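For reference, the structure is listed below as C-alpha cells.
The values are calculated or read from the model by the stated rules, or taken from the named source; none is laboratory data. These numbers come from a predicted model, not from an experiment. Because the Cβ atoms are built from the backbone with ideal geometry, glycine has one as well, and the counts that use them run over all protein chains shown.
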Ligand code: RFL
Ligand code: PHB
C-alpha cells in the first residue's frame, strides 16, 4: 500500500467538497478530494437550482462566478399561487435589494471541477471503499481504492462532505452525537422539460390536490415539481398525467399555466429534515448534507453546504496561517445556528404548502390563511423574503 500525504482529506465531490477544496487552494492549503461516483455522474446529477444572494457572492468572490454571472438567472421575486390566484412577493423591495439566482447545482459543480483541474490539485473520481480512521489523533487517515490501487492518505484534517448517504457520518460512534429528524409523509416528483419557461419567476402553489412548484434551468428548459407520495413508483406517472396534474394545481384566474414540452428526465425524492450535532469530531469535520438535510421547499440545502465550507475553510486557514484553533473549536456552533434557522424556514414552507394524508379541511383553511397572511402583512412578507434570500455574507 502506498502512503499519500495531504493537509486536508476531503470525502465527496459535491458542492461542499469541491468548494472547500477550492477555498483551501486559494489559501495555499493542499487537499485531496476522493469521490466514489464518476465525473459524468456528478456533473449530470440534477438537483438544486436556487442560489441565495450570499452564495452568489461567495462563488464570485472565490473566482468561480464568471459563468454564473453570465448564464445564471437573477430573480427578484416569487409567485405564491393559491385559491385560484397568483401573488408576487417582491424580495428585492422587501430586503433592500437582495435577490436569488437560478443556476443548476450541476453547473456549480461543473465550474468547481474546472477550477480544481486548473489548480492542479488532486481530485479522484470512482474511488472505492473509502474509509476514515484515527480522527481522534493528530494524523487522521483516509483509505480507499484510488485509480485501481489501495491507498492510505495521511492528513492533518478530514472533511466529510459525502452527503446524506456517505461514509463519514456512518463512521462515527453513536455515543458521540445526537440526531434530530423528521420524515414527511409525501415526496416530490421532479421533471426537467424541454419547454421555454412561461413565467419569469418561480411559482410555489398550494392546491387541494397538493403542492406544485414551477422553476427553470434556462430559456429553453423548465424544472417542475409536483407533490407525490413518499415512495411511489414512477411508472404510473405518465407524461400526460404529470402535465395534467401540474395544470390542475397551478390553475389560476389570470390564465397562467406552464408550457408543456418533452420530458427529459423525471424522478421522485422523499423529504426529510435531519440535523446531526455536533459537526466536529476531533479532526473530522462534517459539512453539507453529511450533517444536515432540509426539505427542498425552502431551497436551502445547497446554500447551507456552501456556507458550512466557508466557515470551515476560514477556520482551517486560521490554523495554518496564525496557529489559531479557536475558529475550529467554534465551527460546529457557528454552522448549527444557521442550519437551525434554515430548518425552521424549510419546515414552515413545507407545512404551509403541502397536503399531508391525515390533513383535514381545517388544515387546508389554515394553510390558506397562512398564505394570505404572508401576502397581506408586510411584516410577514418581509420575514418570508429575508429567509428566502438568506443572510448577508459577514
Ligand atoms: P452532495 O451533493 O450529496 O455531495 C456528496 C458527494 O459525496 C459523494 N459520496 C462519496 N464519495 C466518496 N466515498 C463515499 N463513500 C461517498 N458517498 C457519497 C457523492 O457521490 C457526492 O458526489 O452533498 P453536498 O456537497 O453536501 O451538497 C448538498 C446539496 O447537494 C443538497 O443540499 C441540495 O441538492 C438540496 N436541494 C436544494 N438545495 C438548495 O439550496 N436549493 C434548491 O433549490 C434545492 N433543491 C435539493 C433541491 C435537493 C433535491 N433532491 C434531489 C434531494 C431539489 C431536490 C429535488
Ligand atoms: C429548483 O429549481 O430545482 C428548485 C427551486 C426551488 C426549490 C427547490 C428546487 O424550493
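One residue alone among 51, 94, 80 is over 21 Å from the mean Cα position of the chain (by Cα), at pLDDT 95 or above, surrounded by 15 or more Cβ atoms within 10 Å (Cβ to Cβ) and within 16 Å of ligand 2 (Cβ to nearest atom), and that residue is 80.
Can you find a residue that is within 16 Å of ligand 2 (Cβ to nearest atom), over 20 Å from residue 312 (Cβ atoms) and either touching a strand residue (DSSP E or B) at 6+ places or on another chain (Cβ under 6 Å) or not in a helix (DSSP H, G or I) (or both) anywhere in region 29-42? No, because not a single residue in region 29-42 is within 16 Å of ligand 2 (Cβ to nearest atom), over 20 Å from residue 312 (Cβ atoms) and either touching a strand residue (DSSP E or B) at 6+ places or on another chain (Cβ under 6 Å) or not in a helix (DSSP H, G or I) (or both). From the list 221, 203, 226, the one residue that fits, being touching a helix residue (DSSP H, G or I) at 6+ places or on another chain (Cβ under 6 Å), within 16 Å of ligand 1 (Cβ to nearest atom) and over 30 Å from residue 142 (Cβ atoms), is 226.
On the basis of being exposed (fewer than 14 other Cβ atoms within 10 Å of the Cβ) and more than 22 Å from residue 104 (Cβ to Cβ), does residue 238 make the cut?
yes
Within region 43-63, can you find the residues that are away from ligand 1 (no atom under 12 Å from the Cβ) and not in a helix (DSSP H, G or I)? Scanning region 43-63 gives 62, 63. Look at region 47-71: where a residue is within 21 Å of residue 215 (Cα to Cα) and free of Cβ contacts under 8 Å to residues at least 60 places away in the same chain and a partner is part of a loop (DSSP other than H, G, I, E, B) and away from ligand 2 (no atom under 16 Å from the Cβ), sitting 6+ places away or on another chain with Cβ atoms under 8 Å, you get 56/65.
Within region 231-258, track down each residue that is more than 16 Å from ligand 1 (Cβ to nearest atom), in contact with a strand residue (DSSP E or B) (Cβ under 8 Å, 6 or more places away or on another chain) and assigned to a loop (DSSP other than H, G, I, E, B).
Restricting attention to region 231-258, the residues satisfying the condition of being more than 16 Å from ligand 1 (Cβ to nearest atom) are 233, 235-236, 238-241, 243-245, 247-258.
So of that shortlist, the ones also in contact with a strand residue (DSSP E or B) (Cβ under 8 Å, 6 or more places away or on another chain) come out as 239, 245, 248-254, 256, 258.
If the condition is that a residue be more than 16 Å from ligand 1 (Cβ to nearest atom), in contact with a strand residue (DSSP E or B) (Cβ under 8 Å, 6 or more places away or on another chain) and assigned to a loop (DSSP other than H, G, I, E, B), then 251, 252, 253, 254, 256, 258 are the ones that fit.
Condition test on residue 193, is it more than 19 Å from the chain's Cα centre (by Cα), surrounded by 15 or more Cβ atoms within 10 Å (Cβ to Cβ) and in a strand (DSSP E or B)? In short, yes. Would you be able to say whether some residue in region 173-195 is under 24 Å from residue 295 (Cα atoms), more than 13 Å from ligand 2 (Cβ to nearest atom) and touching a helix residue (DSSP H, G or I) at 6+ places or on another chain (Cβ under 7 Å)? Within region 173-195, one or more residues are under 24 Å from residue 295 (Cα atoms), more than 13 Å from ligand 2 (Cβ to nearest atom) and touching a helix residue (DSSP H, G or I) at 6+ places or on another chain (Cβ under 7 Å).
In this structure, residue 9 does not satisfy being touching a helix residue (DSSP H, G or I) at 6+ places or on another chain (Cβ under 9 Å) and in contact (Cβ under 8 Å) with a residue 12 or more places away in the chain. Within region 164-184, if we keep just the residues that are more than 24 Å from residue 9 (Cα to Cα) and touching a strand residue (DSSP E or B) at 6+ places or on another chain (Cβ under 9 Å), the residue that is surrounded by the most Cβ atoms within 10 Å (Cβ to Cβ) turns out to be 184.
Could you please find all residues in region 208-230 being within 16 Å of the chain's Cα centre (by Cα) and in a loop (DSSP other than H, G, I, E, B)? The one that is within 16 Å of the chain's Cα centre (by Cα) and in a loop (DSSP other than H, G, I, E, B): 217.
Look at residue 296 and say whether it is under 30 Å from residue 162 (Cβ atoms) and away from ligand 1 (no atom under 15 Å from the Cβ). No, not satisfied.
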